[in-house]
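The block underneath contains the structure these notes are about, expressed in structure tokens.
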Amino acid sequence: MEQAIAILDSGVGGLTVVKEVMRQLPQEKIIYFGDTARTPYGPRPYEEINLFTRQIVDYLLQFRPKMIVIACNTATAVAIDRIRSVVNIPVVGVIHPGARAAIKMSRRGIVGVIGTEGTIRSKAYEHALKEISPYIEVVSLACPTLVPLVEEGKFNTDESRAAVREALTPIRTYPLDCLILGCTHYPFLSKDIEAVMERPVALISSAEETAREVSTILYHRGQLARSKQLPVHQFFCSGDARMFQQIAQTWLGEHIMVSPVVWQVPNII
Ligand code: DGL
């Protein structure tokens, strides 16, 4: 049987990565976990984010995946090194792919980054960008109000546009040449973000580049799926499965089945 790619996030945000993996690697089976009962991760202490990420990874390992994609910037920033040290399959995060995509796009070297409090506090994007190109100017902004909106299915609405306008006020007029959507939930709000920025700016989602990295690693390891049959993906979430399914189907444009998971471990909420 083909081994799957396991993809995880605190909620629906990682579906932005799922969509790109499905597009670039249509033969690959995906097993997705959205921790919707405990989203958002952004404001949580790092120890909690480490613990939650580890719990999801342990859950996903029962399916014997060939790779884990941490499709959450906050969990990537905080937990990827620890996860890499305990599993023996490749673990791909979203921050370096996002930084690479921004460098490719940037012309004048002024890069904006928006993300959760946890991601911005970690300076993970700043480090990733400057590691490649030390002269890049990085303007970072935490936008803690946006993840809950997306989890409630509010995007492309008057409410989401007003919230995005308020959240982005400190950088709306800044002469950025690209803006990294440093949270996998934010591509859901792309239209709202484009509408409120006062100067033209290229929006960078790490999804495309992350899927490319997944593809490259699998190719080099000789692990690309060979089956010619269309894969049957599996989706799990720890919160409201109906809401998750609705958002996922809207985003992915296809019918999916979602299995609810109840954590058997103490929840810190
Ligand atoms: N999608 C997650 C990220 O990329 C959102 C984190 C959260 O739950 O606050 O950071």
Seminar exercise, completed: In Å, the C-alpha Rg and Dmax of segment 48-109 are 13.6, 46
Exercise. Using alpha carbon coordinates only, what is the Rg to Rh ratio of segment 48-188, with Rh defined as the Kirkwood radius?
Worked result: 1.00
Exercise. Just the projected area, averaged over all directions, of the convex hull on the alpha carbon atoms of segment 159-269: how many nm²?
Worked result: 11.0 nm²
Exercise. Using a 1.4 angstrom probe with every protein chain in place, what is the largest-first accessible-area order of 152, 209?
Worked result: 152, 209
Exercise. What base-10 log of the normalised intensity I(q)/I(0) is obtained for segment 183-223 from the Debye formula, alpha carbons as equal point scatterers, at q = 0.23 Å⁻¹?
Worked result: -0.77
Seminar exercise, completed: Quick calc of log₁₀ I(q)/I(0), segment 155-213, Debye, one scatterer on every Cα, no solvent, q values 0.12, 0.14, 0.29, 0.30 1/Å, result -0.28, -0.38, -1.28, -1.33
Seminar exercise, completed: Compactness summary of the chain: radius of gyration and Dmax from Cα atoms, Å, are 17.5, 52
For this session: Give the accessible surface of the chain per residue, rounded to a whole number of Å², with probe radius 1.4 Å and ligands, DNA and RNA excluded.
Result: 45 Å²
Seminar exercise, completed: Given all pairs of distinct Cα atoms, segment 116-163 yields a Kirkwood Rh in Å of 12.5 Å
Problem set entry | Gap separating the Cα centres of segment 137-190 and segment 49-118, nearest whole Å | 20 Å
Exercise. Reachable lysines from residue 130, Cα under 27 Å, same-chain residues fewer than 8 places away excluded?
Worked result: 104
Exercise. Ignoring ligands and nucleic acids, what accessible area does residue 85 show with a 1.4 Å probe (Å², nearest 10)?
Worked result: 90 Å²
Problem set entry | Descending Cα extents along the principal axes, segment 74-152, whole Å | 39, 33, 19
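The values are calculated or read from the model by the stated rules, or taken from the named source; none is laboratory data. Note that the coordinates shown come from a computational prediction; the quantities given were computed from them, not determined experimentally. Ligands, DNA and RNA are excluded from the accessible area calculation, which covers all protein heavy atoms including side chains. Shrake-Rupley method; radii C 1.70, N 1.55, O 1.52, S 1.80 Å.
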